[in-house]
1. Name, by its number, the condition in (1) away from the ligand (no atom under 16 Å from the Cβ); (2) over 26 Å from Trp220 (Cα atoms); (3) not in a helix (DSSP H, G or I) that does not hold for Gly38.
2. Could you check Ala92 against (1) surrounded by 19 or more Cβ atoms within 10 Å (Cβ to Cβ); (2) aliphatic (A, V, I, L, M); (3) more than 16 Å from the ligand (Cβ to nearest atom) and say which number it fails?
3. Scan the range 58-71 for residues that are within 14 Å of the ligand (Cβ to nearest atom) and out of contact with any Ser or Thr (no Cβ under 7 Å at 6 or more places or on another chain) and report the count.
4. Just to be sure I understand the filter: pairs with C-beta atoms under 6 Å, separated by 6 or more residues or on different chains, first member in the range 126-149 and within 15 Å of Ala59 (Cα to Cα), second member near the ligand (Cβ under 10 Å from one of its atoms). Which pairs pass?
5. Consider Ala151 carefully, then state whether it is outside any helix (DSSP H, G or I), within 16 Å of the ligand (Cβ to nearest atom) and surrounded by 19 or more Cβ atoms within 10 Å (Cβ to Cβ).
Amino acid sequence: MTAALFNDLPREERLAVARRGAAHYSGQLALVDNADFGEPTLLEGWTRSHLIAHVAYNAAALCNLMHWATTGEKTPMYASPEARGKEIEFGATLIPDALRNLHDHTIARLDVAWRDAPEEAWSHQVKTAQGRDVPAEETLWMRTREVWIHAVDLDVTAGFGDIPEVVLRTLLHEIPGKWAGKNVGEDLVLVEEGGAGERVAVTEGAGTEVRGSLAGLVRWAAGRGAQGVDTDAEPPRWL
Ligand code: ZN
């Protein structure tokens, strides 16, 4: 039997995982002192202020998609990739308390947008920032991925081991799929070493094997380091 992926779950459960992730991320943010907002994150070139601004604006961008799905009025996530970048640069100049407010406000707004969405809105087609056409319910996965991974990127105490198994499994499925779409990583075989010596190849490749725990493999594949896997190889870029 194949393990369930995120989109196999009923919507209420997906909502719960997304909300749990938001709470987890908020908890990590609460541990950051105002004086440490200028410290680096796990993301090259981004301070905590950049990352906090990005996660907040991501919630606002997903509110745009829910608005689009609910009203039919075409409101994209961001006006343009340049506008998205400028917004993050601007957000990073805000003082810590303003960033905390921005975070609280946008997270609450997205929660309300999901709570109040009529049934037909969830299947309404919208466009992601990458130009992919998806039903609005995909915002649940987009946000889930964002908050659970960026909680680690904040570099406080969270790790990939905190991420629910269904989210890790979905990432381990999605990331090699993204590689395949860019014709990279075909030589990689990710092998999960389970508690009972179980091994699951997740790519069809027949080259370099990368072995590790589920959390370790996802961490590596997402480009967050090789802790928990036995490889010296660098993963291809994912997003
Ligand atoms: Zn992000």
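The values are calculated or read from the model by the stated rules, or taken from the named source; none is laboratory data. Keep in mind it's a predicted model, so treat the numbers as computed, not measured. Cβ: placed from backbone, ideal geometry, glycine included. Neighbour counts: every protein chain shown. Areas reflect the complete protein model, heavy atoms only, side chains present, ligands, DNA and RNA absent. Shrake-Rupley method; radii C 1.70, N 1.55, O 1.52, S 1.80 Å.
1. (2)
2. Ala92 satisfies every listed condition except (3).
3. The total comes to 2.
4. These pairs meet every condition: Glu146/Asn58.
5. No; evaluated as a whole, the condition is false for this residue.
Here's the yes/no breakdown for (1) in a helix (DSSP H, G or I); (2) within 15 Å of the ligand (Cβ to nearest atom); (3) open to solvent by less than 20 Å² (accessible area, probe 1.4 Å):
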site	(1), (2), (3)
Gly21	yes, yes, yes
Tyr25	yes, yes, yes
Leu43	no, yes, no
Leu51	yes, yes, yes
Glu73	no, no, no
Ile88	yes, yes, yes
